[in-house]
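Below: one structure, written as structure tokens.
The values are calculated or read from the model by the stated rules, or taken from the named source; none is laboratory data. Worth saying up front: this structure is predicted, and the values here are computed from it rather than measured. Here Cβ is always computed from backbone atoms with ideal geometry, including for glycine, and neighbour counts include all displayed protein chains.
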Amino acid sequence: MRSESAGNTRLRSARQAQGLRSQQQLAEAVTAAGAQIGLRISINERTVRRWESENPPWPHPDHQAAIEHLFNRPITELGFVPPWASGDLPVPPHERPIPPITAGLAVAPFAAFARRVLANPLPASIATDYITITSAYRHMYWIIPPAQLHDAVATHVKLGVVLVASVPEAARRSLAAAISESSLLAGRIEFFDMQIPQQAQQSFVTALQGAQDARDSMLGAAVLAHMTFIPAFSGDAKRAEEARDHMRAARTFARRASAPPIMLAWLDAVEAEAETRFGDTRKALQLIRHAETIFADEEPRPAPAWLDWFSETRLAGFKGNTLLIARQPGPAKETLQTVLDQLTGDEEQKQRSVILGDLAAVAVSENDPEGACRLAEMALDQLARTWYATGMARVRAVRESLSQWQSLPCVHQLDERLYDWNTTINALAS
């Protein structure tokens, strides 16, 4: 007879601690938690039974987000082992679960962050100091190598989640917003710079919780739109509806916040990127044209300081990539060259490697292997100065497309650059 203690005892204990007496009740609670953070999911008792089994499967990203929101702790503390981890190997630092932060705190179901009654709260100036550091990290992102910055930002998030329970209520909202921004930055590094989508998903969930606690729908819209990138870049066409659902949620939050034009244009660009990845370049170009109309016709309004990753030039970068994938090399080349000429500031250097990679891909489509190799090497020069995993992915895609010119000296020379010591180590470490 099977022991009462068999199965995923961590999840079962957490469920019972929440007062959820049956697996069906947990299914309903996870479904409701998902709805609270903008996810449209439906969990049944059978799924919970598998989660509470002896070898629980790693949950779907949206289910994972809802579970973490419900229990206010990382999924790895609830008896789930990520598929990329092994019991015989140490987990890399950027994949280690966040230490428990709820000990001694009264956590209500569906609470954004933990709360407790304080006889002697920390001074409100703590929130101001935390926000100052958050702002500094925002600026550092464009200059400091992401692998060096990531651990500092992730630790900053953990500190904020601990502090938010100890500040006066008047300072809580501003601190929660800064935690949200910091966790969004951590997720951006994990997804775009380090290519760890599972870890990015966890950071985005924490960012969404912070936005909820801050009652900041604009920030919530930004986080939900970033969540769209994960299914869009998964290579799995079956995840298209998941990406589109995230976008619907992001647009709903943006309307709620009366978002400024630049935010609405960015949402168009994100949706265009997703539709491009799922093969609907016609719809993507329609979205980009709509975003261009916003820039041309709408009166600019102030945008949050954290919205520093988008501009009219960045929109043109989205457009160039979509034109490339839509097999319109002439317009793509013209658009991308214009973008490259405009990317001059320090905060634009990462994007230069992406644009150079796309221009190299245009050269391949024009049967110009020498030009493709030259542009790919320029992208590698840029990556040597400012590492960006997304840019390296573009270069690797170009190299794969050069297989028919394998014997050319320019391709051999590109390989020498692509597989030198520094580039190889950076690529494997990211």
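Odds and ends about this structure:
- Of the candidates 251, 255, 172, the single residue that is assigned to a helix (DSSP H, G or I), within 30 Å of residue 129 (Cβ to Cβ) and of a type in the set (D, E, K, R) is 172.
- Test result for residue 334, surrounded by fewer than 23 Cβ atoms within 10 Å (Cβ to Cβ), among the acidic types (Asp, Glu), in contact (Cβ under 8 Å) with a residue 60 or more places away in the chain and not in a loop (DSSP other than H, G, I, E, B): no
- Residue list for segment 13-42, filter: of a type in the set (Ser, Thr, Tyr) and out of contact with any Asp or Glu (no Cβ under 9 Å at 6 or more places or on another chain): 13, 31, 42
- Filter result for the condition that a residue is farther than 23 Å from residue 281 by Cβ, of a type in the set (Lys, Arg), touching a residue at least 12 places away in the same chain (Cβ under 8 Å) and crowded, with 18+ Cβ neighbours inside 10 Å, over 352, 385: 352
- Residue within segment 358-368 that is assigned to a helix (DSSP H, G or I), of a type in the set (Val, Ile, Thr), more than 22 Å from the chain's Cα centre (by Cα) and at pLDDT 95 or above present: yes
- Single residue of segment 45-71 satisfying the filter (outside any helix (DSSP H, G or I) and in contact (Cβ under 8 Å) with a residue 24 or more places away in the chain) that is nearest to residue 197 (Cα to Cα): 58
- Within segment 278-326, being of a type outside the set (A, V, I, L, M) and either touching a strand residue (DSSP E or B) at 6+ places or on another chain (Cβ under 6 Å) or crowded, with 22+ Cβ neighbours inside 10 Å (or both) holds for 317, 318, 319, 320, 321, 322.
- Residues in segment 129-165 that are assigned to a helix (DSSP H, G or I), under 24 Å from residue 195 (Cα atoms) and either free of Cβ contacts under 8 Å to residues at least 12 places away in the same chain or among the small types (Gly, Ala, Ser) (or both): 9 in all.
- Checked against (1) over 27 Å from residue 379 (Cβ atoms); (2) surrounded by fewer than 23 Cβ atoms within 10 Å (Cβ to Cβ), residue 246 passes all but condition (2).
- Scoring residue 1 on the criteria (1) under 29 Å from residue 189 (Cα atoms); (2) at pLDDT below 90; (3) of a type in the set (A, V, I, L, M, F, W, C) leaves a single failure, condition (1).
Yes/no per residue for (1) surrounded by 15 or more Cβ atoms within 10 Å (Cβ to Cβ); (2) out of contact with any Leu (no Cβ under 6 Å at 6 or more places or on another chain):
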{"residue": "7", "(1), (2)": "yes, yes"}
{"residue": "10", "(1), (2)": "yes, no"}
{"residue": "42", "(1), (2)": "no, yes"}
{"residue": "55", "(1), (2)": "no, yes"}
{"residue": "61", "(1), (2)": "yes, yes"}
{"residue": "67", "(1), (2)": "yes, yes"}
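- Only listed residue being over 23 Å from the mean Cα position of the chain (by Cα) and either in a helix (DSSP H, G or I) or not assigned by TED's automatic domain parsing to the domain that holds residue 359 (or both), chosen from 323, 267: 323
- The condition (being surrounded by fewer than 24 Cβ atoms within 10 Å (Cβ to Cβ), in contact with a Phe, Trp or Tyr (Cβ under 9 Å, 6 or more places away or on another chain) and more than 17 Å from residue 203 (Cα to Cα)) is satisfied by just one residue among 217, 258, 234: 217.
- Search result, residues across segment 369-392 that are in a loop (DSSP other than H, G, I, E, B) and not β-branched (Val, Ile, Thr): 387, 388
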